[in-house]
Amino acid sequence: MVKGRSFENLVDQGDPVARALAYERDGADEICMLDISASNESRLALLEVVRRVARGLSIPLVVGGGVRSVDDMGALLAAGADRVSINTGAVEDPDLITRCARRFGRQAVVVAIDARRGDGRYGIETHGARRARELSVVDWIREADRRGAGEFLLTSIDQDGRQAGYDLELLAVSRAATRRPIIASGGAGDARHVADALAQGADAALLASILHEGRHRVSDIKAYLVSRGEEIRSA
Amino acid sequence: MIGVLNLGLSNLSSVTDCLARLEIPHRVVDRDAPGIDADAFILPGVGAFPAGRERLAERGFDVLLPRAVAAGVPVLGICLGMQLMFQYGEEDGGAEGLGLFEGRVTRLPDSVRLPHIGWNRVQPVKGDAGPVLAALEDEPHMYFVHDYRAEGLSPGTELASTEHDGVRFPAVCGRARVLGVQFHPEKSGPAGARFITAFARWAVEVRA
């Protein structure tokens, strides 16, 4: 397992199976496993790791990385993913969203978007934030929604790993573009950042660095959210 | 021994993994066959209603389930598995269901953000709903992922409900020894495990 900053300087963070189970015990509502090098290295996320994580988890598992076909998604679901996120594969073949939604139901199709702040708009990047595309976040969200996306996993490349808070403006423009659930990702540094993302319309917040580095615990963050009156599952 | 009915749709392993973690004896049933017996059956399912209905028929479960229910064998339907127990589902052009419950499965209204994905509180209806529902006494959060819900149930069939964006719909349906849940207990952490354990225990007791 690795984690970086703006998708670079990846640092080994230990065994993904052990980490996933520890986060579940500490109150995580869902585990998200993203193989961010998969598209760049043209391979499908490690099925065997997915299988091992899924076997032990009693909470939902979202998996992404290298999905290029309906069969790729089917293989991840069969390995134990509950929902599958598609990023590069969807940008290069937008109809893939429709085909996967038709086959597995829209609710299983998460479109992951890596967004970078640009000149007056947010642009998207693929291949683990290695390739910029001529497409704005808002236009892509609208198109993906129309094609059958059930949900969005929205990552700010700028904020990723910096622990300075989610990109709230990115969340606001995205929220205005779709009614589908949005998982905010990239930038969480403390519990207040999570509350801010939820207040900005995110349906869920993804945490990575701050948990991996042991700076915060899921249970502490949830306790803070409960104290703020958020209606969440108590840890 | 619990028989897990395999529709060939993708979340079978979620259920068998859950039963294995809870050390509940189970086996996968791929199709109906003479002599198939179990203390209870679980029908998991994800995907669209007509596709699920087709698989039921293909594998003979549309015969197995009514036969089991008539013989007093407890049955638990999960998500699409529960929806297939109703008379009709309107999804994808529509299809007849098994008719084990009265009512139909319709899309949640447009006022609601869809799909309904995530954890939501499950509230049992008032009154003594039996030993399985006792596992929901503290109104736990359970994991939901769906667009459609059951409605038009006969009185007394809705055993617990959930609210999303101001719309309340059945979370647990039950009649005699047939139970259906719209949420995924196999993916709902400790609360879901309590529910599955209560169902398995009850199934063994009522069959004894």
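The values are calculated or read from the model by the stated rules, or taken from the named source; none is laboratory data. Values in this document were obtained by computation on a predicted structure and should not be read as measured data. Methodologically, a virtual Cβ is constructed for each residue, glycine included, from the backbone with ideal geometry; neighbour enumeration extends over all protein chains shown. Surface accessibility is based on the protein's heavy atoms, side chains included, excluding ligands, DNA and RNA. Shrake-Rupley method; radii C 1.70, N 1.55, O 1.52, S 1.80 Å.
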Close pairs (6 angstrom Cβ cut-off, 6 or more residues apart or separate chains): more than 8 Å from chain A (Cβ to nearest Cβ) in region B:167-195, open to solvent by 10 Å² or more (accessible area, probe 1.4 Å) and assigned to a helix (DSSP H, G or I) anywhere: B:Val178/B:Val69; B:Arg194/B:Ala135; B:Phe195/B:Ala135
Mind listing whichever residues of region B:111-137 are in a loop (DSSP other than H, G, I, E, B) and in contact (Cβ under 8 Å) with a residue 12 or more places away in the chain? B:Ser111, B:Val112, B:Arg113, B:Leu114, B:Pro115, B:Val122, B:Val125, B:Ala129, B:Gly130, B:Pro131, B:Val132, B:Glu137
A:Gly65 fails exactly one of (1) under 16 Å from the mean Cα position of the chain (by Cα); (2) under 25 Å from B:Phe144 (Cβ atoms), namely (2)
With respect to A:Asp160, determine if the residue is away from chain B (no Cβ under 14 Å), in a strand (DSSP E or B) and buried (at least 18 other Cβ atoms within 10 Å of the Cβ). no
Elements of type helices (runs of 4 or more DSSP H) in region A:168-235, at least 1 residues being open to solvent by less than 30 Å² (accessible area, probe 1.4 Å) and modelled with pLDDT of 95 or more: A:168-177, A:191-199, A:218-227
Failed condition for A:Leu154, given (1) open to solvent by 50 Å² or more (accessible area, probe 1.4 Å); (2) touching a residue at least 40 places away in the same chain (Cβ under 8 Å), with all others met? (1)
Number of the exception - B:Arg168 against (1) over 17 Å from B:Ile42 (Cβ atoms); (2) in contact with a helix residue (DSSP H, G or I) (Cβ under 7 Å, 6 or more places away or on another chain): (2)
Pick from region A:50-102 the residues that are assigned to a helix (DSSP H, G or I), more than 8 Å from chain B (Cβ to nearest Cβ) and among the basic types (Lys, Arg): which of them is most open to solvent (accessible area, probe 1.4 Å)? A:Arg102
Spot the failing condition for B:Ala200; the list is (1) in contact (Cβ under 8 Å) with a residue 12 or more places away in the chain; (2) under 29 Å from B:Arg113 (Cβ atoms), and only one is missed. (2)
With respect to A:Asp114, determine if the residue is in contact with a helix residue (DSSP H, G or I) (Cβ under 7 Å, 6 or more places away or on another chain), in contact (Cβ under 8 Å) with a residue 40 or more places away in the chain and of a type in the set (Asp, Glu). no
Select from region B:143-155 the residues that are without any contact (Cβ under 8 Å) to a residue 60 or more places away in the chain and at the interface with chain A (Cβ under 9 Å from one of its Cβ atoms) and list them in ascending order. B:Tyr143, B:Asp147
(1) out of contact with any helix residue (DSSP H, G or I) (no Cβ under 9 Å at 6 or more places or on another chain); (2) at positive phi; (3) among the acidic types (Asp, Glu): which one isn't true of B:Glu54, the others all being true? (2)
Search result, residues across region B:164-191 that are among the charged types (D, E, K, R), open to solvent by 10 Å² or more (accessible area, probe 1.4 Å) and under 14 Å from B:His146 (Cβ atoms): B:Asp165
Considering only residues that are away from chain A (no Cβ under 14 Å) and over 19 Å from B:Met82 (Cα atoms), which ones fall in region B:132-142? B:Ala134, B:Glu137
Any residue in region A:17-30 that is closer than 17 Å to A:Ala223 by Cβ and modelled with pLDDT of 95 or more sitting within a Cβ distance under 7 Å of a residue that is part of a loop (DSSP other than H, G, I, E, B) and open to solvent by 50 Å² or more (accessible area, probe 1.4 Å)? List the pairs, counting only those 6 or more apart or interchain. A:Asp26/A:Arg217; A:Asp26/A:Ala235; A:Gly27/A:Ala235
Give the residues of region A:103-132 that are surrounded by 19 or more Cβ atoms within 10 Å (Cβ to Cβ) and either part of a loop (DSSP other than H, G, I, E, B) or within 14 Å of chain B (Cβ to nearest Cβ) (or both), sorted by residue number. A:Phe104, A:Gly105, A:Arg106, A:Gln107, A:Ala108, A:Val109, A:Val110, A:Val111, A:His127, A:Gly128, A:Ala129
How many residues, within region B:12-40, are without any contact (Cβ under 8 Å) to a residue 40 or more places away in the chain and open to solvent by 10 Å² or more (accessible area, probe 1.4 Å)? 17
